[in-house]
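Single-structure report; data block below.
The values are calculated or read from the model by the stated rules, or taken from the named source; none is laboratory data. None of these values were measured; they are calculated from a predicted model. Because the Cβ atoms are built from the backbone with ideal geometry, glycine has one as well, and the counts that use them run over all protein chains shown. Heads up: the accessible areas ignore ligands, DNA and RNA and are worked out on the full protein's heavy atoms, side chains in. Shrake-Rupley method; radii C 1.70, N 1.55, O 1.52, S 1.80 Å.
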Amino acid sequence: MIICRTPLRVSLFGGGTDFPDWYNSNNGLIISGSINKYCYINVRKLPFMWDFNFRLRYHKTEEVKKVNQIKHGPYREIIKYLKLDQQKIEIIYTADLPALSGLGASSSSTVSAIHALSTFKGQYLSKKQISQLAIYIEQEKLKENVGSQDQIATTFGGFNKISFKKDLDFTVEDFLNKEKVDELNRSSFLVYTGLQRKSDKIEKEKISNIKKNKLDRSLHKIMQITNEAFLEFNKKKINLKKIGMLLNKQWEEKKKLSSKVSSPVINKICKISSENGAYGTKLLGSGGGGFVLVICPPNKRKTIIKKLKKYKIVNFRFEDTGSTIIYKKWLKKEKLLIKKI
């Protein structure tokens, strides 16, 4: 058995500039951090006595004989890409937080499956190779309306500046020191809106608007805000009030990317947080639901959470392990391990 653990992520700045239709002409810039909430993929060889060759368990259960019968697109395409279609395989997915909530769970699942299945086969891919393959599977093989940041953020882990250059490959810079990350941890929490959403329609509208040059002004503004945030993070002492102000600006521009990004519930959470001392708020992910990020003074944290008592609050910390194989059954001594690639 192989167990892979891959973090979810909180994207602070630059969302929208990671669409290929944008960065292939204009470059892209993301500031994102992986968090200590994870998805897990268990892969094992099925015993020979079963009539089916593939069993998949996520929010559904699939038991099929042929790989082309698998309905879960990413898992099917990964098995085919790695030429594991003649094996008998079980894949089980679990996660710490709900899917469809703006934390990059879909790409985290894809990354985990690539990492686990390639290890199962005896292929040891680099973090860059895993990221590139996840982007290829989602964007090219499945034609999903997705950007390119989540696959990278969840694979690499850390608090990163991810740069997309036209005609060049992406680069990842883990740039925030432990002291600043700790301060950000003390000042941040997530609020669950209770709304799950499928991002495809929202992202499809954004991509269509990018192709029609309707989002040029907003995305250039988002790039500017992200650059300002990067400079602010790199100052000797972090100014969370300034970071929060930039987060609010980012949120205002993000709402212009699609008519479906915000909602009355989301606006209410942001308003309550701001009125009670939050520096900044922003919905995570494509929009429509999921989690709102709140950055506030540590001494205001309890007050804001109390005012938001009707919602579910999630405390988290930024982490730096990225996608990791934490268990291999065939080791001489079966035990948990951390293996970075």
**Q.** Within the stretch 63-76, considering residues that are of a type outside the set (S, T, Y) and under 17 Å from S112 (Cβ atoms), the one nearest to the chain's Cα centre (by Cα)
**A.** P74
Q.
So for the stretch 313-325 (the condition being open to solvent by less than 20 Å² (accessible area, probe 1.4 Å), over 30 Å from C4 (Cα atoms) and either touching a residue at least 40 places away in the same chain (Cβ under 8 Å) or over 18 Å from the mean Cα position of the chain (by Cα) (or both)), does at least one residue qualify?
A. no
Q) Can you find a residue in the stretch 295-308 that is over 23 Å from E205 (Cα atoms), open to solvent by less than 30 Å² (accessible area, probe 1.4 Å) and under 20 Å from the mean Cα position of the chain (by Cα)? A) yes
Q. Got a number for residues in the stretch 261-275 being surrounded by fewer than 16 Cβ atoms within 10 Å (Cβ to Cβ) and touching a helix residue (DSSP H, G or I) at 6+ places or on another chain (Cβ under 9 Å)?
A. 1
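Select from the stretch 148-176 the residues that are within 13 Å of S11 (Cβ to Cβ) and open to solvent by 10 Å² or more (accessible area, probe 1.4 Å) and list them in ascending order.
In the first step, residues of the stretch 148-176 are kept if they are within 13 Å of S11 (Cβ to Cβ); the result is 148-154, 159-162.
Within the stretch 148-176, Q149, D150, K161 qualify.
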Q: Considering each of N276, N239 in turn, give the residue that is free of Cβ contacts under 8 Å to residues at least 40 places away in the same chain and in contact with an Asp or Glu (Cβ under 7 Å, 6 or more places away or on another chain).
A: N239
Q: Go through G289, G285, G280 for me and flag whichever is out of contact with any helix residue (DSSP H, G or I) (no Cβ under 8 Å at 6 or more places or on another chain) and either modelled with pLDDT under 95 or within 18 Å of L176 (Cβ to Cβ) (or both).
A: G285
Q.
When the residues of the stretch 108-144 are narrowed to those that are assigned to a loop (DSSP other than H, G, I, E, B) and within 26 Å of G289 (Cα to Cα), which ends up least open to solvent (accessible area, probe 1.4 Å)?
A. L142
Q. Which strands (runs of 3 or more DSSP E) does the stretch 154-247 wholly contain that include 1 or more residues that are modelled with pLDDT of 95 or more and within 21 Å of K282 (Cβ to Cβ)?
A. 159-164, 188-192
(Q) For the stretch 1-107, give me every one of the strands (runs of 3 or more DSSP E) that falls completely inside it and has 3 or more residues that are at pLDDT 95 or above, open to solvent by less than 50 Å² (accessible area, probe 1.4 Å) and touching a helix residue (DSSP H, G or I) at 6+ places or on another chain (Cβ under 7 Å). (A) 2-13, 28-45, 89-95
Q.
Based on this model, can you work out whether K165 counts as free of Cβ contacts under 8 Å to residues at least 24 places away in the same chain and of a type in the set (K, R)?
A. no
(Q) Among the residues in the stretch 65-73, are any in contact (Cβ under 8 Å) with a residue 24 or more places away in the chain and of a type outside the set (D, E, K, R)? (A) yes
